[in-house]
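A quick write-up on the structure given underneath.
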Amino acid sequence: MSGGAGRVYLNGEFVRRSDAHLDIEDRGAMFADGAYEVVRYFGGRGFALGKHADRLRESLAAIRIEPPGDVERFAGVSDELVACNGLADAELYWQVTRGSGPRGHLFVAGARATVLVIAYPSRALVVGGEPKGVVVVLREDLRWHRCSIKSLMLLANVLAKNEAHEAGADEAILHRDEVVTEGTSTSVFVVRGGELWTHPADQWILGGITRAIVLDVARAEGMVVRERAFTTHELLTANEVMITGTTTYLAGVLRADDAVIGGGQVGPVTRRLHAGLVGRIAGECGLGG
Ligand SMILES: Cc1ncc(COP(=O)(O)O)c(C=O)c1O
């Protein structure tokens, strides 16, 4: 994401960015006490907005924040923010915190949730384009035990992503005791023996929306799909490895640490699933091929 556009949505109002102010005691800043979503717009239409709104409600329920009315109007608020910024291709960041009050671990009685939405201009979808090839590093997963919540608490992800960047890689793939969980902002798939494997959507990973769509595409194409955990060794010796996410779409992993994957080329299953995913986005957003 690069610099945000002119207007943002803050607690029910569309205001100029320079007029948007958060309280210095907002619990989002002090405790990462909140949840977030990132959604994409293509040609002025939002993709999978209902799924993102549902996941935001689930994250908020899991951390005991009553979803504010704005979340019920997720699609309407998002559409209006994209339109009032004159954008067609955009990335929207939704953040809901427990509100503000004197700093203390206990919830603040009567605090009202803070809702902030920022629209960032982004690239248009290239229909018929090739999947990107990426390089990853493997890192210990140092996050908490409730990774299915899309919590604001991203420090472990931020540190691992920066380690990847410093190593000249695009993403860090995380593992717990050699069991691969996911990337810092992506879901991870491997192809082994003609089967597609990805970690089950349990407490150890975020249930990625792109992950679910890719699983659906794979099943529709008759592939054998297994939601099962796999080891770093199984990843390093896989025929193909891919990562998926709202901002990544679906990219093929060409190298992980020192291991070259699939001869250093994006493989055929990765290409097929990428084409299927792009087709779903283009279909839902009414974009021609
Ligand atoms: C930890 C983590 N895993 C996976 C994903 C991919 O999820 P989605 O496909 O819903 O963007 C993200 C997205 O930000 C993430 O932060």
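The values are calculated or read from the model by the stated rules, or taken from the named source; none is laboratory data. Note that the coordinates shown come from a computational prediction; the quantities given were computed from them, not determined experimentally. Quick reminder, even Gly has a Cβ in these numbers, built from the backbone with ideal geometry, and neighbours come from all protein chains shown.
The rows are residues; the columns are (1) within 30 Å of Glu284 (Cβ to Cβ); (2) away from the ligand (no atom under 16 Å from the Cβ).
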{"position": "Ala113", "(1), (2)": "yes, yes"}
{"position": "Ala119", "(1), (2)": "yes, yes"}
{"position": "Leu125", "(1), (2)": "yes, no"}
{"position": "Gly133", "(1), (2)": "yes, yes"}
{"position": "Ala160", "(1), (2)": "no, no"}
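Of the residues Val190, Val217, only one is closer than 21 Å to Ala48 by Cα and within 16 Å of the ligand (Cβ to nearest atom); which?
Details: Val190 fails: closer than 21 Å to Ala48 by Cα.
Of the residues listed, the single one that is closer than 21 Å to Ala48 by Cα and within 16 Å of the ligand (Cβ to nearest atom) is Val217.
So, of the residues in the range 1-51 that are in contact with an Asp or Glu (Cβ under 7 Å, 6 or more places away or on another chain) and under 15 Å from Pro68 (Cβ atoms), which turns out to be surrounded by the most Cβ atoms within 10 Å (Cβ to Cβ)?
So, considering only residues that are in contact with an Asp or Glu (Cβ under 7 Å, 6 or more places away or on another chain) and under 15 Å from Pro68 (Cβ atoms), the one surrounded by the most Cβ atoms within 10 Å (Cβ to Cβ) is Arg27.
Could you tell me whether Leu138 is in contact with a strand residue (DSSP E or B) (Cβ under 9 Å, 6 or more places away or on another chain), among the hydrophobic types (A, V, I, L, M, F, W, C) and in the same structural domain as Val269 (by TED's automatic domain parsing)?
Values: in contact with a strand residue (DSSP E or B) (Cβ under 9 Å, 6 or more places away or on another chain): yes; among the hydrophobic types (A, V, I, L, M, F, W, C): yes; in the same structural domain as Val269 (by TED's automatic domain parsing): yes.
Answer is yes for this residue.
The conditions are (1) within 21 Å of His175 (Cα to Cα); (2) among the aliphatic types (A, V, I, L, M); (3) touching a helix residue (DSSP H, G or I) at 6+ places or on another chain (Cβ under 9 Å), and Leu235 fails exactly one of them. Which is it?
Here Leu235 meets the rest and fails (3).
Conditions (1) crowded, with 22+ Cβ neighbours inside 10 Å; (2) in the same structural domain as Leu196 (by TED's automatic domain parsing); (3) assigned to a loop (DSSP other than H, G, I, E, B), marked per residue:
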| position | (1), (2), (3) |
| --- | --- |
| Asp216 | no, yes, no |
| Val225 | no, yes, no |
| His233 | no, yes, no |
| Ala238 | yes, yes, yes |
| Ile243 | yes, yes, no |
| Gly263 | no, yes, no |
| Leu273 | yes, yes, no |
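Return the only residue of Val241, Val225 being more than 29 Å from Arg57 (Cβ to Cβ) and either free of Cβ contacts under 8 Å to residues at least 40 places away in the same chain or within 16 Å of the ligand (Cβ to nearest atom) (or both). Please lay out each step first, then the result.
Details: Val225 fails: more than 29 Å from Arg57 (Cβ to Cβ).
Going through Val241, Val225 in turn, the sole match is Val241.
So Arg211 ticks every box in (1) within 20 Å of Gly252 (Cα to Cα); (2) under 16 Å from the mean Cα position of the chain (by Cα); (3) in contact (Cβ under 8 Å) with a residue 40 or more places away in the chain but one. Which box is left unticked?
Every listed condition holds for Arg211 apart from (3).
Within 30 Å of Leu106 (Cβ to Cβ), surrounded by fewer than 17 Cβ atoms within 10 Å (Cβ to Cβ) and of a type outside the set (Lys, Arg): is that true of Glu58 in this structure? Outline the logic, then answer.
Numbers: within 30 Å of Leu106 (Cβ to Cβ): yes; surrounded by fewer than 17 Cβ atoms within 10 Å (Cβ to Cβ): yes; of a type outside the set (Lys, Arg): yes.
Yes.
Quickly run through the range 245-258 and pick out the residues that are surrounded by fewer than 17 Cβ atoms within 10 Å (Cβ to Cβ) and within 16 Å of the ligand (Cβ to nearest atom).
Matches in the range 245-258: Thr247 only.
When you scan the range 104-115, do you find a residue that is free of Cβ contacts under 8 Å to residues at least 40 places away in the same chain and among the aromatic types (Phe, Trp, Tyr), even just one?
As a first pass, look at the range 104-115 and keep what is free of Cβ contacts under 8 Å to residues at least 40 places away in the same chain: 104, 106, 109-110.
Those left that are additionally among the aromatic types (Phe, Trp, Tyr): none.
No, the range 104-115 contains no residue that is free of Cβ contacts under 8 Å to residues at least 40 places away in the same chain and among the aromatic types (Phe, Trp, Tyr).
Going by what's in this entry, would Asp79 be described as buried (at least 18 other Cβ atoms within 10 Å of the Cβ), acidic (Asp, Glu) and touching a helix residue (DSSP H, G or I) at 6+ places or on another chain (Cβ under 9 Å)? If you could, list the steps in order and put the result at the bottom.
On the way: buried (at least 18 other Cβ atoms within 10 Å of the Cβ): no; acidic (Asp, Glu): yes; touching a helix residue (DSSP H, G or I) at 6+ places or on another chain (Cβ under 9 Å): yes.
No; evaluated as a whole, the condition is false for this residue.
Identify, please: which residue in the range 171-185 is surrounded by fewer than 24 Cβ atoms within 10 Å (Cβ to Cβ) and of a type in the set (D, E, K, R) and is, among those, nearest to the ligand (Cβ to nearest atom)?
Arg176
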